[in-house]
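Colleague: My questions will all concern the structure given below.
The values are calculated or read from the model by the stated rules, or taken from the named source; none is laboratory data. Keep in mind that what you see is a predicted model, and the values were worked out from it rather than measured. Only protein heavy atoms, including side chains, enter the accessible area calculation; ligands, DNA and RNA are left aside. Shrake-Rupley method; radii C 1.70, N 1.55, O 1.52, S 1.80 Å.
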Amino acid sequence: MLFQKAPPEQAVTELKEKIEILEAILGNQKFFAGDTATIADISLGAGIPILKVLYPGLMSVKLQSWYDRVLRDIPELDEINDQYDYKPLLQQK
């Protein structure tokens with residue numbers, strides 16, 4: 001288990017609400033600002049790996065599909081994200 005203890009329930013609830021907001025903003029678009037990836041997608045995409053490590057299971061299907069499209073269109077983002085290993089930080093006391 002990555003966490004020394006479970007994350008606070010309030011944090012999980014708030015994060016779920018934020019994910020719902022992101023999904024509403026995304027709507028039926030491919031990316032957050034339309035049909036092409038922009039700096040908005042890069043900025044949000046940079047935070048997805050830590051979300052997946054800290055809160056596994058919270059990634060929605062819609063958000064994961066968007067993230068897959070971002071990585072397809074901007075493969076450099078995946079290369080940058082791969083440089084960081086967040087798991088050791090979670091194991092510190």
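Colleague: Identify the single condition in (1) open to solvent by less than 40 Å² (accessible area, probe 1.4 Å); (2) under 13 Å from the mean Cα position of the chain (by Cα) that Gly34 does not satisfy, given that it satisfies every other one.
Modeller: (2)
Colleague: Read through the list (1) open to solvent by less than 50 Å² (accessible area, probe 1.4 Å); (2) modelled with pLDDT of 90 or more, then give the number of the only condition that Leu54 fails.
Modeller: Every condition holds for Leu54 apart from (2).
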